[in-house]
Amino acid sequence: MQTIFHVTVWGEFRHEKKNPKVAEIYPRGMHETIAGFLREAGGMIVSTAVLDEPEHGLTAEVLEKTDVLVWWGHMAHGDVADEVVARVKKRVLEGMGLVVLHSGHYAKIFKALLGTTCSLKWRESTDKERLWNVFPSHPIAEGVGDYFEIPAEEMYGEPFGIPTPDELIFISWFTGGEVFRSGATWTRGHGRIFYFRPGHETYPTYHQKEVQQVIINGVRWARARVNIPDTCPNSPALEPLPEDPEASARPTIGHT
Ligand code: ZN
């Protein structure tokens, strides 16, 4: 039996306040819609945090008890404090899972963990998106058929400036002809990262069942299994070593 785990859904929560069209689709914010279907899925305790809270709602205490952090940001990536990004990165390296959605491809935390540009082609138009399931045995693809479609979405196209994924789960095709690696995983340190493309704010994408199922699966897959702080310890030998005449002159703290 799996133990209950803790999820924090982080939302930028700016479009919803500025654009009535977005507010109509997500009256309580995209983060609350995402948190809502995760709660319904069960097996997890779900909290939310937003950019305009002190420390963006991501204090050391919050992150310490978070097993998976879900991230949606877009227009205010630059407003996320570097100190908070460093704190999140440290937790991922220790084992916390991270699920990055849609325009989070340009979030400071995603770029910091992947180390590449994370840039892509994009178009806000009348495209339909067809997501092909190219890894049907992966837990993140559970319950998803060969493919599913989102009637209207923003287009993201290749080349996507990411390191080659550890696992590629979905490839999207758009009406305009482009393709995109829209579901991909990496491991950084002890933490699992899942990127999932859909979720432009002016479309009701996070109300669609298939999209919800993938995010639920992704959160379950990314759940922290360990919590291993980075200590870089000086290490005594386990077995007797040959006599070392200079041993007392060597430092025992830190490394050279
Ligand atoms: Zn978008």
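Tabulated data for the structure shown
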quantity	calculated
Only listed residue being at pLDDT 95 or above, under 26 Å from Ile228 (Cα atoms) and out of contact with any Leu (no Cβ under 8 Å at 6 or more places or on another chain), chosen from Leu69, Leu101	Leu101
Test: residue in segment 225-234 that is over 25 Å from Ala86 (Cα atoms) and open to solvent by less than 80 Å² (accessible area, probe 1.4 Å)	no
Condition broken by Glu16, with the remaining ones in (1) open to solvent by 40 Å² or more (accessible area, probe 1.4 Å); (2) more than 19 Å from Ile215 (Cα to Cα) satisfied	(1)
Looking only at segment 60-80, and only at residues there that are farther than 30 Å from Thr3 by Cβ and open to solvent by 40 Å² or more (accessible area, probe 1.4 Å), the one that is nearest to the ligand (Cβ to nearest atom)	His74
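Residue-wise test of (1) surrounded by fewer than 16 Cβ atoms within 10 Å (Cβ to Cβ); (2) over 17 Å from Ile216 (Cα atoms).
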| site | (1), (2) |
| --- | --- |
| Leu120 | no, yes |
| Arg123 | yes, yes |
| Pro136 | yes, no |
| Ile140 | no, no |
| Val144 | no, no |
| Pro151 | yes, yes |
| Gly161 | yes, yes |
| Asp166 | yes, yes |
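A quick yes/no check of all residues on (1) assigned to a loop (DSSP other than H, G, I, E, B); (2) within 16 Å of the ligand (Cβ to nearest atom); (3) touching a Lys or Arg at 6+ places or on another chain (Cβ under 6 Å):
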site: Val100; (1), (2), (3): no, yes, no
site: Gly104; (1), (2), (3): no, yes, no
site: Phe110; (1), (2), (3): no, yes, no
site: Trp122; (1), (2), (3): no, yes, no
site: Asp127; (1), (2), (3): yes, yes, no
site: Gly143; (1), (2), (3): yes, no, no
site: Tyr156; (1), (2), (3): no, yes, yes
site: Phe160; (1), (2), (3): yes, yes, yes
site: Arg192; (1), (2), (3): no, no, no
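The values are calculated or read from the model by the stated rules, or taken from the named source; none is laboratory data. None of these values were measured; they are calculated from a predicted model. We place every Cβ from the backbone using ideal geometry, glycine too, and count neighbours over all the protein chains shown. Note: areas computed on protein heavy atoms with side chains; ligands, DNA, RNA excluded. Shrake-Rupley method; radii C 1.70, N 1.55, O 1.52, S 1.80 Å.
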